[in-house]
Each structure stands twice: as structure tokens, then as C-alpha cells.
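A short worksheet on the structure shown next.
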Amino acid sequence: MVCFILIVNNNNYHKTIFLNSNNAISGGIYDKVTSFSDYIRLTKINDQLSSENTLLHNLLSENYKLTADSFFFYEDSLFKQQYVYRSAKIISNSINKQRNYITLNKGRNQGIEPEMGVVANNSVVGIVKSVSDNYSTVLSLLNSRLKISAKIKKNNHHGSLYWDGKDYRKGRLIEIPSHVNINVGDTILTSSYSSVFPEGLLIGTADEILPSTGGNFKEIIILLSNDFNQLSYVDVIGDLLKSERLELEKEVEK
């Protein structure tokens, strides 16, 4: 050891080799430590990104409803916010049953209520079914009991979308009149008929046009935009004007 120290200290060539080797070893160790620390922080980073994404959703113009019928207003905003987004993490999810459900880590205490829409990547995931103080269950789009009001983006023709319990990546769009023009690749969105979701949210794209069976309507296989086997974070949508709309519709029915 003494001889090694003397050689390194008294020969510039050997000293250079030693320092370079030492830097390489220590750099490798620091790199491994940093990678491990970054991995440990991933959960916190994902939570932070989800919160920031939700904040941006709340600032979108689509979440505000035009309330003035003229350009003149006094001490008031021209727009009134209609939709509020709350972020949540999926803690349980199934895709291999006829009736699939999702569990979220947010509930009543965090402002989640039944009949709220749930989206991921600005695309439909499902509807809140029931809530407890800190958890909620979601009726997944992959549930044979759920139907979503949908429309074809290019011509605004409306229909209903449901899951037939087969391929978790595909749904079925029905109630589309036979004369309506639709092609493979056409975009399918949520319609204004929905009292749960804002209009214009992505559902998927037309994947197959089934031949008409002689009736007045056609059926289309839809490739869903969300891969339900890879979902982690979602946004829960609250409609601030929903109660007013439903009360008015009930009054008309009476």
C-alpha cells in the first residue's frame, strides 16, 4: 500500500490514471444512486403531474358556458364555469368481466359524487357509481350496463355506445341511421345529449362498419382511445349546472 501511494504521488502519469479511474467509479456509483432516487420519487412526481393536468383542465374554455346574450355586461363575467375537474388515482380495475368496475382513491370528502363523469387523457373512462368518505367506485365503459351518448365528429349524427363484453379495446356504436356516411377511421365523440360528460370528449375511432341487416340503423365497431389495461390516473368531472338541467327536464315530463 505504501509503495502504491509513493508511485501515484511521485509519477504524474500514474496519478492521472488513478484519478481518471476514481472518477469513473465514483461517477458510476452516483449515477446508480441518482437513478434509484428518481425511481423512488416517481409516485410523488406522477401525483404532482396529475394535479397540474387537472388544474389545466379547469382553465379550458370548454368548461365555461356563455351566459350573456349580448356584448354588454356589468360587474359580471361573460362566461360562467360549468365543469370542474378533480384528479384521482385508480387503485383497482378490472377488464375481464361482463360488468367491470374501477375504484378510485377519492370520495365524498374530496368532492366526488355519484353520476360524475370519469375521463383519462381527455377520453371517456366511465361514470361514478357510488362513493364513501374517501373512495369511489366507477361504472367502467367496459360494463355491459353502461351506455354513452355519442356522435360522429364529421357530421354530428348521434347514437349510443356500449360494450358487448368481448374485446376490451372495442365498443359498439348503435342507433346510427343507415343512410349516414361513416368510414373506418372517423372520430367518435361524446354528444351534447349527455348530462354527465361535456360535449366533444374523445371516445374512439370507427374500426369496422357492420353490414346492415335490413333495418333502418347500422352498427359500427369502435376502437376505444383509452387502453383500460394501462390506466393509472383519471379526472372526475363535476357539472355545476347539471341539477338545473335535470330539474327542468323533469318538470317538462310532468
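For Ser140, are the conditions met, namely being under 15 Å from Leu224 (Cα atoms), touching a strand residue (DSSP E or B) at 6+ places or on another chain (Cβ under 8 Å) and assigned to a strand (DSSP E or B)?
It is true that Ser140 is under 15 Å from Leu224 (Cα atoms), touching a strand residue (DSSP E or B) at 6+ places or on another chain (Cβ under 8 Å) and assigned to a strand (DSSP E or B).
Within region 94-110, can you find the residues that are closer than 15 Å to Gly238 by Cα and in contact (Cβ under 8 Å) with a residue 60 or more places away in the chain?
Lys106 - this is the single residue of region 94-110 that is closer than 15 Å to Gly238 by Cα and in contact (Cβ under 8 Å) with a residue 60 or more places away in the chain.
Take region 121-160 and flag every residue that is of a type in the set (D, E, K, R) and without any contact (Cβ under 8 Å) to a residue 40 or more places away in the chain.
Scanning region 121-160 gives Lys129, Asp133, Lys147, Lys153, Lys154.
Considering each of Tyr101, Tyr168, Tyr193 in turn, give the residue that is surrounded by 15 or more Cβ atoms within 10 Å (Cβ to Cβ) and outside any strand (DSSP E or B).
Going through Tyr101, Tyr168, Tyr193 in turn, just one is surrounded by 15 or more Cβ atoms within 10 Å (Cβ to Cβ) and outside any strand (DSSP E or B): Tyr168.
Mind checking which residues of region 116-135 are farther than 22 Å from Thr190 by Cα and either assigned to a strand (DSSP E or B) or of a type outside the set (D, E, K, R) (or both)?
Listed by number, the residues that qualify are Ser130, Val131, Ser132, Asn134, Tyr135.
Report, by residue number, each residue of region 161-194 that is in contact with an Asp or Glu (Cβ under 7 Å, 6 or more places away or on another chain) and either free of Cβ contacts under 8 Å to residues at least 24 places away in the same chain or among the hydroxyl-bearing types (Ser, Thr, Tyr) (or both).
Thr190, Ser191, Ser192
Six or more apart or on different chains, Cβ atoms under 8 Å: show the pairs whose first residue is in region 195-209 and under 26 Å from Glu249 (Cβ atoms) and charged (D, E, K, R) and whose second is assigned to a strand (DSSP E or B) and modelled with pLDDT of 90 or more.
So the pair list comes out as Glu199/Leu189; Glu199/Thr190.
From Ser232, Ser178, which residue is polar (S, T, N, Q), surrounded by fewer than 18 Cβ atoms within 10 Å (Cβ to Cβ) and within 20 Å of Ala88 (Cβ to Cβ)?
That would be Ser232, the only listed residue that is polar (S, T, N, Q), surrounded by fewer than 18 Cβ atoms within 10 Å (Cβ to Cβ) and within 20 Å of Ala88 (Cβ to Cβ).
Any idea which of (1) in contact (Cβ under 8 Å) with a residue 40 or more places away in the chain; (2) within 25 Å of Ser212 (Cα to Cα); (3) not in a strand (DSSP E or B) is the one Glu113 doesn't satisfy?
Glu113 satisfies every listed condition except (2).
Name, by its number, the condition in (1) among the basic types (Lys, Arg); (2) at pLDDT 95 or above; (3) out of contact with any Phe, Trp or Tyr (no Cβ under 8 Å at 6 or more places or on another chain) that does not hold for Lys166.
With respect to (1) among the basic types (Lys, Arg); (2) at pLDDT 95 or above; (3) out of contact with any Phe, Trp or Tyr (no Cβ under 8 Å at 6 or more places or on another chain), Lys166 is out only on (2).
The values are calculated or read from the model by the stated rules, or taken from the named source; none is laboratory data. Please read these numbers as outputs of a predicted model, since none were measured by experiment. Here the Cβ is made from the backbone with ideal geometry for all residues, glycine too, and neighbour counts use every protein chain on show.
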